[in-house]
1. Being in a loop (DSSP other than H, G, I, E, B) and either modelled with pLDDT of 95 or more or touching a strand residue (DSSP E or B) at 6+ places or on another chain (Cβ under 9 Å) (or both) is the filter here, so list the residues in the stretch 177-187 that pass it.
2. Whether any residue in the stretch 207-220 is assigned to a helix (DSSP H, G or I), out of contact with any strand residue (DSSP E or B) (no Cβ under 6 Å at 6 or more places or on another chain) and over 18 Å from residue 64 (Cβ atoms) is what I want to check.
3. Would you call residue 323 farther than 28 Å from residue 244 by Cα and surrounded by 23 or more Cβ atoms within 10 Å (Cβ to Cβ)?
4. Looking at the stretch 135-176 only, could you name the residues that are in a loop (DSSP other than H, G, I, E, B), buried (at least 22 other Cβ atoms within 10 Å of the Cβ) and touching a residue at least 40 places away in the same chain (Cβ under 8 Å)?
5. Name the residue, out of 132, 199, 190, that is touching a helix residue (DSSP H, G or I) at 6+ places or on another chain (Cβ under 9 Å), farther than 24 Å from residue 327 by Cα and either touching a residue at least 60 places away in the same chain (Cβ under 8 Å) or outside any loop (DSSP other than H, G, I, E, B) (or both).
């Protein structure tokens, strides 16, 4: 049976300057909906392996990417939008929002992490990543459309820090051009990255020395992730299902019919899924106009729940001009993601 949450007060949220460009192209939409109530969360729940610490105390982002390096890894931009045929593994060093000792321990989610350098690691990307992530639970973020590597890294770090995750923080970075008018290029890039993501999932979920894997995908990244899960199941069946923790799709930019078919094709993997939706998401409204079909993340709550999945309706809490990044911008939505990780 699907699960949902009762209403709670909305809180202030942030939006990035790059998102403001959407506003001129999108119409106003009505508000409505509800989310789940908050409760206390043990930041170390599900992260009981030795050495588990939050990102602010160990600001390293593990990156598996099908983007190409843009330079020597010491100055931005670190990765460009060129498509690579195979994934590689990098370590990105982050600067926490507050550089003081107090800030390192108690970094506020209102601040933003920033990549200071990237360090390529030798070896096959998925396997090298699996070896590096052993011993601690991992939170893997798959970014969406219109994202530079730097912006995607910031979202991954803000998500991990915002939910108090104690373990590895990882990013699967596919070659988005980071431009408002590059929807077609981004969609094809995401689908081209499907097999590398399948290889990463296989390396992590089937590593005999690995721990739990939690996956949060956003926007167009949810289409990539759904496709990867479908192919993974075709190739490996249910192997590794017991190692998958939470599976969260935030504002899924997927054709609604494709989404329904994909859920049927991933079988028992859908039992791990929580969807964050908002009927007033302006980015998804733009996607609907471009694609000519309803997007899964903008479907009414009851329609999503009828599919037998957990739903977090962020309609009343997706603030800002675009209302597409409540998963990092709103404290109450982050609390709901924490619960999804905790109960996985």
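1. Listed by number, the residues that qualify are 177, 178, 179, 182.
2. Going through the stretch 207-220, the residues assigned to a helix (DSSP H, G or I) turn out to be 220.
Narrowing further to those that are out of contact with any strand residue (DSSP E or B) (no Cβ under 6 Å at 6 or more places or on another chain): 220.
Retained after the next criterion (residues that are over 18 Å from residue 64 (Cβ atoms)): none.
No; the residues of the stretch 207-220 include none that is assigned to a helix (DSSP H, G or I), out of contact with any strand residue (DSSP E or B) (no Cβ under 6 Å at 6 or more places or on another chain) and over 18 Å from residue 64 (Cβ atoms).
3. Yes.
4. Hits for the stretch 135-176 are 137, 143, 144, 145, 146, 148, 163, 165, 167, 174, 175, 176.
5. That would be 199, the only listed residue that is touching a helix residue (DSSP H, G or I) at 6+ places or on another chain (Cβ under 9 Å), farther than 24 Å from residue 327 by Cα and either touching a residue at least 60 places away in the same chain (Cβ under 8 Å) or outside any loop (DSSP other than H, G, I, E, B) (or both).
The values are calculated or read from the model by the stated rules, or taken from the named source; none is laboratory data. Just so you know, these numbers come straight off a predicted model, no measurement behind them. Every residue, glycine among them, receives a Cβ derived from its backbone with ideal geometry; neighbour counts consider all protein chains shown.
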